[in-house]
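The values are calculated or read from the model by the stated rules, or taken from the named source; none is laboratory data. Given the structure is predicted, the values throughout are model-derived calculations rather than measurements. Every residue, glycine as well, gets a Cβ built from its backbone with ideal geometry; the counts of neighbours run over all protein chains shown. For accessibility, only protein heavy atoms count, side chains too; no ligands or nucleic acids. Shrake-Rupley method; radii C 1.70, N 1.55, O 1.52, S 1.80 Å.
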Amino acid sequence: MTDATIPAAPVQPSVPPPGPVTIRAGEAAHFGRLAAEWWDPEGSSAMLHRLNPVRLKFLRDAIDMHWAGDIETRRPLAGRTVLDVGCGAGLLAEPLARLGGKVTGIDAAPENAKVAALHAEGSGLDIRYMAGELGALDLGTFDLITCMEVLEHVADKPAFISQLALRLKPDGLLVLSTPNRTTRSRILMVEGAEAIGMIPRGTHHWEDFVTPDELDDLLSDAGLVRGQQQGVAFSPTKGLHLSDDLSLDYIVTARVPA
């Protein structure tokens, strides 16, 4: 391999969706306006930069358990296809590619997909980025699907989870995270973090947060079964960290039942 970077695949637009629309235009526009700052660890996505190592730890453990029986390898996704739904500018997609995955990232905001493709190219990573409605894209199926902090933003949650299930291989793994609809999440994430500028105003809508029981029902209705579940908690001493406390945010695995 030469020093030349591997060109990132061009962003591919979607066609009008054949089924239920899950994208909220206002939500896509909100996140598209943040695209230019996505990779700035001190910018509007600073909280995502702090969250990323936490969810990567959960992901790495889940990947090892699902395919290698808790045997850690350097590139556990080598030879496996990965879909990151709601990829933003690629904060999660790039580490997944470095773990060996053949990664596709999709986002509702074309601005995010364009920034993601440029950043991947500059990093020498071959990641395919696409923008548009999940149900309208010709994607195929994947070994691993990640969908982090997206569910609260979609218009039709049952249809969206069903679309994720359709793109999961029979022996594949889905990893999904979302805020929990509790008093604690409203105070800390909406009334607190947004009020003081830690998270851009308008990012969260508390009434759209999903409880663990509600997510279990959504997964079951889509033909999936939930596996591992952990909370993402916050404390002044630990910052964001994995926890048994699900009251703020949580992350789960799901799969097609055997």
Keeping to region 84-108, report how many residues are more than 14 Å from the chain's Cα centre (by Cα) and assigned to a loop (DSSP other than H, G, I, E, B).
3
A222 touching a His at 6+ places or on another chain (Cβ under 7 Å) and either of a type in the set (G, A, S) or free of Cβ contacts under 8 Å to residues at least 40 places away in the same chain (or both)
no
As an exercise: evaluate V256 against (1) open to solvent by less than 70 Å² (accessible area, probe 1.4 Å); (2) in contact with a strand residue (DSSP E or B) (Cβ under 8 Å, 6 or more places away or on another chain); (3) farther than 18 Å from L151 by Cβ; (4) without any contact (Cβ under 8 Å) to a residue 40 or more places away in the chain and give the number of the one condition it does not meet.
(4)
List the pairs whose first member sits in region 61-90 and is in contact (Cβ under 8 Å) with a residue 60 or more places away in the chain, whose second member is among the small types (G, A, S) and part of a strand (DSSP E or B), and whose Cβ atoms are under 6 Å apart, counting only residues at least 6 apart or on separate chains?
D84/G105
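Among the residues of region 214-228, is any within 23 Å of P95 (Cβ to Cβ) and either open to solvent by 30 Å² or more (accessible area, probe 1.4 Å) or of a type in the set (A, V, I, L, M, F, W, C) (or both)?
First, pick out the residues of region 214-228 that are within 23 Å of P95 (Cβ to Cβ): 227-228.
Now drop any that are not either open to solvent by 30 Å² or more (accessible area, probe 1.4 Å) or of a type in the set (A, V, I, L, M, F, W, C) (or both), which leaves 227-228.
Yes.
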Selection from region 229-246 of residues at pLDDT 95 or above, of a type outside the set (A, V, I, L, M) and either in contact with a Leu (Cβ under 7 Å, 6 or more places away or on another chain) or closer than 22 Å to I161 by Cα (or both) yields Q229, Q230, G231
